[in-house]
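Q: I have a structure I would like to understand better, so I am pasting it below and will then ask my questions one at a time.
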Number of protein chains: 2
Amino acid sequence: MNLLIAVSGWDVTPWVERFAALLPDRKVVTLGEPFDRRDVHYAVSWKHPPGSLAGLPNLAAVFSLGAGVDHLMGDDRLPEAPIVRVVDPDLTDRMSEYVVLHCLMHLRRQRRHDAQQRDKVWDAAAHPPAAREVRVGVMGLGVLGRDATRKLNVMGFDVAGWSRSPKNAGDITTYSGDAGLVEFLARTDILVCLLPLTAETRGILNKELFARLAQGGRLGGPILVNAGRGGLQVEADILASLGDGTLKAATLDVFETEPLPPSSPLWSHPAVTVTPHNAATSEADAISAYIAGQIRRFEAGEPLANVVQRDLGY
Amino acid sequence: MNLLIAVSGWDVTPWVERFAALLPDRKVVTLGEPFDRRDVHYAVSWKHPPGSLAGLPNLAAVFSLGAGVDHLMGDDRLPEAPIVRVVDPDLTDRMSEYVVLHCLMHLRRQRRHDAQQRDKVWDAAAHPPAAREVRVGVMGLGVLGRDATRKLNVMGFDVAGWSRSPKNAGDITTYSGDAGLVEFLARTDILVCLLPLTAETRGILNKELFARLAQGGRLGGPILVNAGRGGLQVEADILASLGDGTLKAATLDVFETEPLPPSSPLWSHPAVTVTPHNAATSEADAISAYIAGQIRRFEAGEPLANVVQRDLGY
């Protein structure tokens, strides 16, 4: 009942230690050492080298070490075993912290206050709109998107959501599909993107989409907040749309290339806020405990939870 | 049934127009014109010149045009008539926007991200604490304080509240009085001050109080957010406490002198965020409608709502 840890770009040692402590009755192996491939029953992956999970005849499940599974889907020799996503309440809370923070920063014109503070300007006439006057649209209504819409709603924003297939999100108005997208964008002042990265969503945040966002809203132009995946956005289109006024501002946690190269004009664009893909980093301890718990419940006869639908890619 | 509008520092004309439209059956007069003092039944004030409301024998009520009434309490010739505060849901929502925004900015180390963006530094290891690991303490549990604690709680913060007299604030742990204050401060990482300004609270945000805040919290030191009144804080103590590490950072919407003078070192202090006393500016239309509604209900025999307790000053 070995557990194979297959990561790239991360130090594997702390993960070995965590799983060895949580599952002391298993042997934990890594790609960098010799092991019997027939003994591997579970694999945990973060950007494993493509093909490195092939030829594991007794593999029962592959666990992603992060919320997204797009890093797995790019491997055309991925085994047939179920792929399990991380659903971590901690990660969900962190994503909502990020989304609410950045929507409030735009609502309350924090960048303008920052500039006024630098210039020692007291602008007492500054009277930002109230949250209820600003329409936030959340793309993606999975666990993260639904939690974000709920908390944005509590803060008073006029919130709606969009997803590929129809979904319920409490009191929030939801739209779905291609037809719903047009209507959703037309009522959206701040677009928050929490979509998974799939073949269908790659590049969805492009100039055609930005041009469909609401005009005449209270913030002086549409605003983009992308905390999903960098592959969802076309950065040349974001820059062009900021330049011609199609977008007023953007907050980006994710990028086409990460780390964001120093040559990117996004770093120094006055209307762009850059964060280093840490909107919702889960604590490693929480992820490890989640995966170990799933393994124990699975072996006790329960079904795996949060299994990815391969045809949809999430 | 005249209405007297008594303001200083503001243009009175739009207020005359608003009340004339809302109460077309009344005569609306201002301090700058001749009027019969016996005909004045209601006064609305924002920082009226002290003494200017004296000698109004038929005055039934004084309405403050803002959330605080400290600007009224400084007038020792204020008539005996009931003083009515503004309680405006819009103002409450705005204050909570401000409080949640600035607590999240501190939680998510937004100032560090800002500096890293300026320097084009991608700090992927940045892993801020979760909201549940950070203890926010709200001083003042009136309408504003209770709404702020509720929304901070939804965002995941570990929230408690303090008020002079014992108060209930939903699921939130509350402390009261001098004894409770010590215990409250000792568990507080981010101190949010929404107290009214009274003789008892003037200067309460001083170095003795800061020294009692929690040590060893997840933010690297205690943080102050004051969105109450400038008179609550001792600015020399804030600067000294930032200098010696008693405070880690401060967000201030209010100041001992407003507008904040260009000579104040708060403007350029790297750990201080300055906003121009606009955390919760109410819309003039909402305030006018609230006061006109109170007058109509009062004349229909209902008691005035939100009357200030003069002995407490709020």
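The values are calculated or read from the model by the stated rules, or taken from the named source; none is laboratory data. Here the structure is a predicted model, which is why all the values come from computation and not from measurement. Virtual Cβ from ideal backbone geometry, glycine too; neighbours counted across all protein chains shown. Calculation scope for accessible area: heavy atoms of the full protein, side chains included, ligands and nucleic acids excluded. Shrake-Rupley method; radii C 1.70, N 1.55, O 1.52, S 1.80 Å.
Q: Gain in length, A:Glu302 to A:Gln215, computed as 0.36 nm per residue apart minus the alpha-carbon separation, to one decimal in nm? Walk me through the intermediate numbers first.
A: On the way: separation 87, 0.36 × 87 = 31.32 nm, distance 5.03 nm.
Once the chain is fully extended between A:Glu302 and A:Gln215, it gains 26.3 nm.
Q: Could you order peptides B:46-56, B:262-272, A:144-154 by the average number of other Cβ atoms within 10 Å of their residues, highest first?
A: On the way: B:46-56: 16.6, B:262-272: 14.5, A:144-154: 23.3.
So the peptides B:46-56, B:262-272, A:144-154, ranked by packing, come out A:144-154, B:46-56, B:262-272.
Q: So, one more: Between copies, how far apart are the B:Ser8 label points? List them in nm, one decimal, shortest first, with each point 7 Å from Cα toward Cβ, please?
A: B:Ser8 label point versus its equivalents elsewhere: 7.2 nm.
Q: So what's the back-of-envelope 222 nm ellipticity for chain A, counting only DSSP H runs of four-plus at -39500 (n - 2.57) apiece and dividing by all residues, rounded to 500? All intermediate terms of the calculation are to be shown ahead of the outcome.
A: Values: 9 runs with 94 residues, N = 314.
Taking each H run of at least 4 residues, the total per residue is -9000 deg cm²/dmol.
Q: Report, as an integer, the average count of C-beta atoms from other chains found within 10 Å of each Cβ along B:150-157. Before the final figure, lay out the partial values.
A: Working: counts 1, 5, 0, 1, 7, 8, 8, 1.
Average neighbour count from other chains, rounded to a whole number: 4.
Q: Continuing with the same structure: Using the Cα centre as the reference, give the magnitude of the dipole from point charges on the C-beta atoms of the protein assembly as shown (Lys, Arg: +1; Asp, Glu: -1; all else neutral), rounded to the nearest 20 debye. Numbers along the way, then the final one.
A: Numbers: 64 positive and 74 negative charges, 33 e Å.
For this selection, approximately 160 debye.
Q: Give the relative contact order (percent, whole number) for chain A; include only Cα pairs under 8 Å separated by 6+ residues.
A: Numbers: 582 pairs, mean separation 49.1, N = 314.
Normalised by residue count, the contact order of chain A is 16 percent.
Q: Let me ask you something else. If amide H atoms are built 1.01 Å from N in the plane of the peptide, which residues on other chains or at least 5 residues away come under 5 Å of the amide H of B:Ile223?
A: B:Ile190, B:Leu191, B:Lys248
Q: Distance in nm between label sites at B:Ala286 and B:Glu17, each 7 Å beyond Cα in the beta-carbon direction?
A: Placing both labels 7 Å along Cα→Cβ, they lie 2.1 nm apart.
Q: Right, another one. Starting from the residue with the highest accessible area, list B:Phe298, A:Phe35 in decreasing order, probe 1.4 Å. Display every interim value, and only then the final one.
A: Working: B:Phe298 70, A:Phe35 45 Å².
The most accessible residue leads, giving B:Phe298, A:Phe35.
Q: Now, a different point. Which value, in Å² rounded to 10, gives the accessible area of B:Arg296 with a 1.4 Å probe and all protein chains present?
A: Approximately 100 Å² for this residue.
Q: Taking the Cα centre of chain A as the origin, how large is its charge dipole in debye, to the nearest 20, when only Lys and Arg (+1) and Asp and Glu (-1) carry charge on their Cβ atoms?
A: Details: 32 positive and 37 negative charges, 141 e Å.
The dipole magnitude comes to about 680 debye.
Q: Quick check for you: which residues of the range A:29-46 have the amide N under 17 Å from the point 7 Å beyond the Cα of A:Ala54 toward its beta carbon?
A: Correct set: A:37-38.
Q: Setting aside same-chain residues fewer than 8 positions from A:Lys27, which aspartates and glutamates have a Cα under 17 Å from its Cα?
A: By straight Cα distance, A:Lys27 reaches A:Glu17, A:Asp36, A:Asp39, A:Glu299.
Q: Something else now. Name the shape class, rounded, prolate or oblate, that the alpha-carbon gyration tensor gives for the range B:189-270, where a ≥ b ≥ c are the square roots of its eigenvalues, rounded holds for a/c under 1.5, and otherwise prolate holds if a/b is larger than b/c and oblate otherwise.
A: On the way: a/c = 1.85, a/b = 1.23, b/c = 1.50.
Here the range B:189-270 falls in the oblate category.
Q: Net charge within 14 Å of A:Asp178 by Cβ-Cβ distance, Lys/Arg positive one each and Asp/Glu negative one each, not counting A:Asp178 itself? Write out the running numbers ahead of the final one.
A: Values: positive: A:Arg164, A:Arg212; negative: A:Glu183, A:Glu200, A:Glu208.
Net of charged neighbours comes to -1.
Q: Then there's this: Going down the list A:Lys207/B:Lys120; A:Lys47/A:Lys207; B:Lys207/B:Lys248, which pairs span over 20 Å between their C-alpha atoms?
A: Working: A:Lys207/B:Lys120 26 Å; A:Lys47/A:Lys207 30 Å; B:Lys207/B:Lys248 13 Å.
Going by Cα-Cα distance, A:Lys207/B:Lys120; A:Lys47/A:Lys207 fall outside the 20 Å limit.
Q: Check the axis relating chain B to chain A and name the residue of B whose C-beta is nearest, distance in whole Å.
A: Checking which Cβ lies nearest the axis yields B:Val154, 2.
Q: Could you give, in nm with one decimal, how far A:His127 is from each other copy of that position, shortest first, with labels 7 Å out from Cα toward Cβ?
A: Values, ascending and in nm: 4.7.
Q: Assuming R0 = 60 Å, can you tell me the calculated FRET efficiency for the pair B:Lys27 and B:Arg111, based on Cβ-Cβ distance, to the nearest 0.05? Provide the component values of the computation, followed by the final result.
A: On the way: r = 52 Å, r/R0 = 0.87.
In this case the efficiency is close to 0.70.
Q: Further question: Pick out, from B:Ala271, B:Leu72, A:Trp267, the residue whose Cα sits farthest towards the positive end of the charge dipole of the protein assembly as shown, with +1 on the Cβ of Lys and Arg and -1 on the Cβ of Asp and Glu.
A: B:Leu72
Q: Starting from a label point 7 Å past Cα on the Cβ side, list the distances from A:Gly51 to the same position in the other copies, nm, shortest first.
A: Copy-to-copy label distances at A:Gly51, shortest first: 9.3 nm.
Q: Within 10 Å, count the other beta carbons around each residue, average over each peptide in A:200-206, B:305-311, A:107-113, A:118-124, and list them highest first. Write down the numbers at each step before the final one.
A: Details: A:200-206: 17.6, B:305-311: 12.6, A:107-113: 19.9, A:118-124: 14.3.
The most tightly packed comes first, giving A:107-113, A:200-206, A:118-124, B:305-311.
Q: Among the lysines, which fall within straight-line cross-link reach of B:Lys151, defined as a Cα-Cα distance under 17 Å, with same-chain neighbours fewer than 8 residues apart omitted?
A: A:Lys151
Q: Something else now. Could you tell me how many degrees, from 0 to 90 and to the nearest 10, lie between the Cα long axis of helix B:13-22 and the main elongation axis, the longest principal axis, of the Cα atoms of chain B?
A: For helix B:13-22, the angle is close to 70 degrees.
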